[in-house]
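Take a look at the structure below.
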Amino acid sequence: MNHSHSALNRALLLTLPMLALPVVTSAQNLPESAICSAVAELPAVTVTADKTERPLEKVAASVAVIDGLELEQSQVTGMEQLEGRIPGLSFQPFGQAGLNAPVMRGLTANFNTFSTSTLLLVDSVPVHTAQGFEDAMLDVDRIEVLRGPQSTLYGRNAEAGVIAIHSLPMDNTPRARVSADIGSRNKRGLRFSLSRPLVEDTLYVSISGSWLKQDGFITNTYTGGKADDRERGNLKLGLRWTPSAATDAVLRYARQDYDDGAALWGAPAAAREHIASGTNSWNRSKGQSLALDASHAFSSGLRLRSITAWSDFTDDIQQDTDFMPADITHIRRDHRLRMFSQEFRLEGQLGAADWLAGVYADHNDTDLHNVGRRMMRVEDLRADQKSRTLAVFTHWNLPFSDAWSLSAGARLERSKIEIAPQGTARKDLDWTHFSPKLALQYQFSPEHQWYVSASRGIRTGGFNALSAASDYAAFEPEKKLVLRNRL
């Protein structure tokens, strides 16, 4: 298979110059004005970093954008592959699919805290934990990465930044795409996407999915087989309804399933590709989400938007940790994390200024079950953890002139978390956070700007839910204030 790919690549490389030659020859015979007019201008990049559609160069924030076409051409199919493409972004290595703890500009959080310092938004569905911090990059329009504190608009766990994944819009343009992947270790994969109107100008539908299966590379010398086979599937469904030019409603459902063998860990005293494990290891995690994003524009110029999101992720793994034939030490997790969130916001203009104001609430319900075996001792921890958040926020963009503008915003957020460990008294804590933001911007050319900003980020506090030895000790929220000057 590799030899055939190399031959094909060489043939394409030899053919491309011949295909380009007639184009170059024709261009040489054209007048300069015709050549200039034939050069296509790059389309303007529009982002929603401040929850309002705005050209990238007019946003007073550090925003990196990756186009969906670039993701497809680079064969990016997971979050970890964003490393190296986004400066300052990396992920803690765990070797477990579906679990990614982001590190943004050095800020991160232990995955056992069930919170992250960087917020993930997938089509308006918030992900606040390392568990479920993943996406298969199906039918993506763009990824916006906001670096630096973003809690004013995005609330808790946007202490270091936000990663927002936007799917391609459903409209009157039908599209279809299918690709297959074959590789070493019996790798087989399939990706597809389809979108089309059911009723032109009114009702649209989309479906996309992926499936991947591959044999492992870690040999279990005790059982004689591979320990880390991989199989996973992803599905996304979309439905859009536009009954009028003023009303738009988008319903999206997403699902991810993992059926993997052992995590990609190596034995401490042996080569990584060989273990001798008598304890079965697996990752059978799964997740699903549902989001309804609806908006209506009133004749007065105001726009009301409602975003309702629900997610459910099960972190189901067992992993040998000594890689010995006898079951001496292993870990077992069976966590279920459920979240419901609701946001309402009103957008409008006041003279030359545009503004938005909103209210946000969410409820998290987490069932925790963690088993740790060490020699003859087995620690079996069970706990229920719940949290609630309520916030009000606003954001304004105030132009002083054609070149100078000011962005200002504030968020007041109330969070409460409680834990009920099995056999131990219930505990609860609550906090109130104020997250302001102020940015002064000077647009000295259409494509370039200078800005100075001050913003505050918050990562919520909680309990050490997996440590009975510490009596489930609490940890306080993290707060980060950043002053930034950028040209």
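For the stretch 219-249, the set of residues classified as surrounded by fewer than 18 Cβ atoms within 10 Å (Cβ to Cβ) and outside any strand (DSSP E or B) consists of Thr221, Tyr222, Thr223, Gly224, Ala245, Ala246, listed by residue number.
The lone criterion from (1) within 16 Å of Leu481 (Cα to Cα); (2) loosely packed, with under 15 Cβ neighbours inside 10 Å left unmet by Gly423 is number (1). Looking at the stretch 148-207, the strands (runs of 3 or more DSSP E) lying wholly inside it that each contain 3 or more residues that are within 23 Å of Ala254 (Cα to Cα), among the aliphatic types (A, V, I, L, M) and over 16 Å from the mean Cα position of the chain (by Cα) sit at 175-183, 187-199. A single entry from Leu350, Leu346 fulfils the requirement of being touching a residue at least 12 places away in the same chain (Cβ under 8 Å), under 25 Å from Ala391 (Cβ atoms) and surrounded by fewer than 17 Cβ atoms within 10 Å (Cβ to Cβ): Leu346. Among the residues making up the stretch 90-119, those that are farther than 20 Å from Arg333 by Cβ and without any contact (Cβ under 8 Å) to a residue 60 or more places away in the chain are Ser90, Val103, Met104, Arg105, Gly106, Thr118, Leu119. Once the stretch 181-204 is narrowed to residues that are surrounded by fewer than 14 Cβ atoms within 10 Å (Cβ to Cβ) and among the polar types (S, T, N, Q), the residue that is modelled with the highest pLDDT is Thr202.
Cβ separations smaller than 6 Å between residues 6+ apart or across chains give the following pairs from the stretch 463-474 residues that are crowded, with 20+ Cβ neighbours inside 10 Å to residues that are assigned to a loop (DSSP other than H, G, I, E, B): Phe463/Tyr472; Tyr472/Asn464. Arg147 satisfies every condition listed in (1) surrounded by 23 or more Cβ atoms within 10 Å (Cβ to Cβ); (2) at pLDDT below 95 except (1). Scanning the stretch 426-462 for residues that are at pLDDT below 90 and either surrounded by fewer than 16 Cβ atoms within 10 Å (Cβ to Cβ) or hydrophobic (A, V, I, L, M, F, W, C) (or both) turns up Phe444, Ser445, Pro446, Glu447, His448. Do we find a residue being at pLDDT 95 or above, within 18 Å of Gly95 (Cα to Cα) and touching a strand residue (DSSP E or B) at 6+ places or on another chain (Cβ under 6 Å) anywhere in the stretch 260-275? Yes, some residue in the stretch 260-275 is at pLDDT 95 or above, within 18 Å of Gly95 (Cα to Cα) and touching a strand residue (DSSP E or B) at 6+ places or on another chain (Cβ under 6 Å). Just one residue in the set Gly372, Gly351, Gly409, Gly358 is assigned by TED's automatic domain parsing to the domain that holds Arg456 and on the phi > 0 side of the Ramachandran plot; that residue is Gly351. Suppose the filter is hydroxyl-bearing (Ser, Thr, Tyr) and touching a residue at least 60 places away in the same chain (Cβ under 8 Å); does Thr394 pass it? In short, no. Filtering Val378, Val392 for residues that are at pLDDT below 95 and not acidic (Asp, Glu) leaves a single hit, Val378.
Among the residues of the stretch 115-147, those identified as closer than 19 Å to Gln342 by Cβ and part of a strand (DSSP E or B) are Leu119, Leu120, Leu121, Val122, Val125, Pro126, Val127.
The condition of being surrounded by fewer than 18 Cβ atoms within 10 Å (Cβ to Cβ) and not polar (S, T, N, Q) holds for Val178. Within the option set Leu168, Leu107, being hydrophobic (A, V, I, L, M, F, W, C), surrounded by fewer than 23 Cβ atoms within 10 Å (Cβ to Cβ) and in contact with a helix residue (DSSP H, G or I) (Cβ under 8 Å, 6 or more places away or on another chain) holds for one residue only, Leu168. Just one of the listed residues (Ala64, Ala97, Ala40) is aliphatic (A, V, I, L, M), assigned to a loop (DSSP other than H, G, I, E, B) and modelled with pLDDT of 90 or more, namely Ala97.
The residues of the stretch 205-218 that are buried (at least 17 other Cβ atoms within 10 Å of the Cβ) and either farther than 30 Å from Thr173 by Cβ or in contact with a helix residue (DSSP H, G or I) (Cβ under 6 Å, 6 or more places away or on another chain) (or both), listed by number, are Gln214, Gly216, Ile218.
The values are calculated or read from the model by the stated rules, or taken from the named source; none is laboratory data. From a predicted model like this one, the values you see are computed outputs, not experimental measurements. Note that each Cβ is placed from the backbone with ideal geometry, even for glycine, and that neighbours are counted across all protein chains shown.
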